[in-house]
Each structure stands twice: as structure tokens, then as C-alpha cells.
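The values are calculated or read from the model by the stated rules, or taken from the named source; none is laboratory data. Quick caveat: nothing in here was measured; it's all calculated off a predicted structure. Cβ placement follows ideal geometry from the backbone for every residue including glycine, while neighbour counts extend to all protein chains displayed.
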Amino acid sequence: MAGQFCPADDTGGDTFDLVMQDDGRLFVLLGDASGHGIGPALSSTQMTGMLRVALRLGADLDAIFTHVNNQLVEDLPEEHFVTAFLGMLDPREHAVTYHAAGQGPLLHFHAATGECEWRTPTTFPMGYMRYPSLDPQARIVLEPGDVLGLISDGAYERENPAQVEFGTEGVERVVTLNHHRPMSELLTLLLEALHDHAAGVPQADDVTIVLIRRRAEAGGATTVQRYFKRSYDSLEAVFQFVEDFMRVKSIDLELREPVDFIVEELFTNMVKYNPGNAHDIALSLGCTAQVLTVRLTDFDVDPFDVTRAPPVDIDKPLQERQIGGLACTSSGRWPTPCATSSPTGAVPLRSRCPWGRSDVRNRAGCVGRSGPQGTARCRALRDGAAVLRRHPRPPRRGPRRPRLHLECGLGVLLKTQKRVMQAGRGLRLVNVNRHISDIFRYAGFDKIFEIVRAAD
């Protein structure tokens, strides 16, 4: 699984959370508070805090959903709301039971058929009003290789210069072609596709993506990822993360020292050459029966493809070397990768260590030898994708798009509907075009309003 939050401003109203339960189940949250800036950010933080307290007290999913919604109704301004997916993943049954309050569409990729199923919300957003009755929990069963995608509307609605949205079609293209990759890679490819689609148009809304996949088969590739603070003080936690992974996967601990050395070299270079970056550094560990893969990813850096870099003269005196090269040498029994970067950022790198190999090699063609017990091969590769926020954002965003003005008008509409419903009546929206109708349906507002679509 993998998740990432990319705010449109310095703060944002999106949030996600993954909380392991004592019984082995995993609580999954993706939320989106209406609006932009510090207010929605506080609303999302408040909701996340309440959910964690409820989980700690042992409340079930229905009780959590009901009580948190009721508290939000009391706390939020009348025209504000929070769309949210609250689910519980049971790894024994390979199933997710959930409530989706205005959070949609939800992606279920079926590996057996290669098709994407899009699910609508189960009810209207949280914080709007108390639910008259609670619908039964919905359920998704993940077959081998299936992917569950929780994606906020900022991704679907990302526009290009022609004001064409990325949409579910854009998500389908990326997921269908890359569903077999580790979820951290698929997430990066989705963010790259969004960045390429926008073609320079400023990001107008927060983007949050959570991806969960059931392993295709026993013994297949397994990948875990953690983010570490950009500090030399993080190294102890980094080394412990590597050791824990190797123990869980029964990997020969004699490989720990060369792997730690590789990770330390790359991590410290990212800290050294990108000190002003506020982003944490991502460390991903993956393995199959033959290969251990180590990937470190830095963000907000200039793109650099190591596979296209000119060969490096590793015999040249240090003072004559240029920043931005990459070499792979060996020192004693352990492989020694030496990565340098430009002053503005560091190179996202991936190291692979096949068992039973003794050479150390990179794509620049530099070859070294490891000692008799240090069997590893280090290959520096391009990370595979640019991330959505690798380029600095403009200090100000462009004019608001019409869909954002809709949000302002929607607040008035919701406030009016609430008062009308208190009198036992309701609003009927007629001649609603297809685009607006889809927005209402995927946000769960079709559960509140009677909507009559205009003829196509």
C-alpha cells in the first residue's frame, strides 16, 4: 500500500490515515474538508483526532461514523462539510468494509479482468446534518492482484490548459498499465501523469491518493515504504527500519552492512545537497525470492536521469570532480556507491541486491568487486517518475475555476436544503447538466437532493 497528500497551498483540507488495530485489521481513512487553506486543514485535523480516539476506545465502524458525524455537525459552520471514506481492511478475509460519506468515486481494479469498477458514495458528506438512519456498511472483496484506490477530487478535476479534466479516464489509463508494480511506484506514476496532464496549469485543489493492493501470489514482490525527517539524526531510525524489514523477510543479515552503507550514502547526500527542503525523504524496501530493492526518493528537486549521465572518471582527483556525477566503487569487502547531486536537489535512486552476485555495477559502466561475504550489486536507476510537486509552485495561483465557484454556491444551497428539510420538504433541482450531475452523484449529494438531469 502507499499514500501521499499534495496540498495546493501551504495548508490543505485533505487528509489520510492508516491505523493498525490490535486484532490485525487496518483502519483506512481518506477525508476532504470543503474549502481551502487553514480552516479546512483544522477541520481535517479535528476529524482525524476524533477518529483515533474512538478507535483507541474500541468503538466499531458504525459507532465511529455516527458519533464523529454528529460532533462535526455541532462544530462546523453550517455551510461546511467533510467528505470521508472510513473503512476497515481485514487481511484474513481480504475484504474492506466501509462507509463513504460523499467520498467518491472509489476505484476497484479487478486484476482477473483488467477492468476498473467505480463505486459511488454510500451517503452524503459528514458534518452536514445527522443521518436519519445509517445505511449498512458497503463491502469490497479484493481478489489476488486487485487494487483499491482512494483518490480525492483534486486529482480527478486537475485541468490542462484546455480546461479538460484528468478524470477517471486518466486514472484508469495509469492503473491498468501499471497495476502490477509496487503501490509506491504506481502512486508516483499517477502523480507524474497528473503533472504532465496539467502542462503548467497551477494546482487548484489538494490531491490525496491512497492505494491498497492484495498480493497477486504467495512469494511475490513485497514493498514497504516510510518517510524520514531530512536530518542526519534520522539515520538510526532508517537503519532500524532496514533491519526490521530484513528480519521479517528472513533475508541474510550478513547483507545488512552493505545495504546500510548504500542507504546511508544516498540518504546523507539528499540531506546535504537539499537542506532547505521541507519534505521528508521516502525510503522504500522491496524483495522477491531473488532481489532486494532499496529506493530513496527526494521531492521538489530538479529532474536528473542518471542513466543519461556521462561516464564518470573515478580516478580523477576529488577536487577536479564535478557535482552531479555518479560513481559506484568498492572499499574493502563492501560496495561503496558514491552519489553526488546538484546544489538544488538530490537524485532519486534505487539499489537492487540480487543474491549470489559478487559484482557492483552501475549504468555509467563503473564496475567494482565486493568481498567474499558481501554479495550485492548496486544499480542506480531513475526513480521512474517525476512527482507532482517536484517543481516549485508559483507564489500565487491563477484565477479560480468555475467548479470552485460551484463550491461557494453549494454552501448556500446546502444551508437552504437543511432548513427546508426541517419543515418536512426538500429542494428539487431540474435541468442539471451531466457534469454537475456527476459531481453531485460522486459527492453523495444525490442522497440529499432530488436531481433531474437535463436532456443530453
Subset tally (residues that are of a type outside the set (Val, Ile, Thr) and outside any loop (DSSP other than H, G, I, E, B)) for the range 110-167
19
Among the strands (runs of 3 or more DSSP E) contained in the range 235-331, which hold 2 or more residues that are surrounded by 12 or more Cβ atoms within 10 Å (Cβ to Cβ) and modelled with pLDDT of 75 or more?
281-287, 291-297
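Could you tell me whether residue 12 is assigned to a loop (DSSP other than H, G, I, E, B), surrounded by 20 or more Cβ atoms within 10 Å (Cβ to Cβ) and not polar (S, T, N, Q)? Walk me through it before giving the result.
On the way: assigned to a loop (DSSP other than H, G, I, E, B): yes; surrounded by 20 or more Cβ atoms within 10 Å (Cβ to Cβ): yes; not polar (S, T, N, Q): yes.
Judged against the criteria, residue 12 is a match.
When you look at residue 286, is it closer than 28 Å to residue 6 by Cβ and in contact (Cβ under 8 Å) with a residue 12 or more places away in the chain, yes or no?
Numbers: closer than 28 Å to residue 6 by Cβ: yes; in contact (Cβ under 8 Å) with a residue 12 or more places away in the chain: yes.
Here the answer is yes, as residue 286 does meet what is asked.
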Do you know which residues across the range 225-279 are in contact with a strand residue (DSSP E or B) (Cβ under 7 Å, 6 or more places away or on another chain) and charged (D, E, K, R)?
226, 230, 249, 257, 265
Count of residues meeting criterion [assigned to a helix (DSSP H, G or I), surrounded by fewer than 22 Cβ atoms within 10 Å (Cβ to Cβ) and free of Cβ contacts under 8 Å to residues at least 40 places away in the same chain] in the range 180-192:
0
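Looking at the range 30-61 only, could you name the residues that are closer than 18 Å to residue 444 by Cα and either modelled with pLDDT of 85 or more or in a helix (DSSP H, G or I) (or both)? Steps first, please.
As a first pass, look at the range 30-61 and keep what is closer than 18 Å to residue 444 by Cα: 30-35.
Hits for the range 30-61 are 30, 31, 32, 33.
For the range 208-225, check the following and say yes or no: at least one residue is in a helix (DSSP H, G or I), modelled with pLDDT of 85 or more and at negative phi.
Pass one, the range 208-225, residues in a helix (DSSP H, G or I): none.
Scanning the range 208-225 turns up no residue that is in a helix (DSSP H, G or I), modelled with pLDDT of 85 or more and at negative phi.
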State whether the residues of the range 82-92 include one that is free of Cβ contacts under 8 Å to residues at least 12 places away in the same chain, out of contact with any Leu (no Cβ under 6 Å at 6 or more places or on another chain) and either basic (Lys, Arg) or crowded, with 21+ Cβ neighbours inside 10 Å (or both).
no
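If you take the residues in the range 93-136 that are aromatic (Phe, Trp, Tyr) and farther than 25 Å from residue 422 by Cβ, which one is surrounded by the fewest Cβ atoms within 10 Å (Cβ to Cβ)?
First, pick out the residues of the range 93-136 that are aromatic (Phe, Trp, Tyr): 98, 109, 118, 124, 128, 131.
Those still in the list that are farther than 25 Å from residue 422 by Cβ too: 98, 109, 118.
Values: 98: 24, 109: 23, 118: 14.
Ranking the candidates gives 118 first.
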Can you say whether residue 73 is among the β-branched types (Val, Ile, Thr), within 21 Å of residue 443 (Cβ to Cβ) and either buried (at least 20 other Cβ atoms within 10 Å of the Cβ) or not assigned by TED's automatic domain parsing to the domain that holds residue 18 (or both), as far as the supplied structure shows?
no
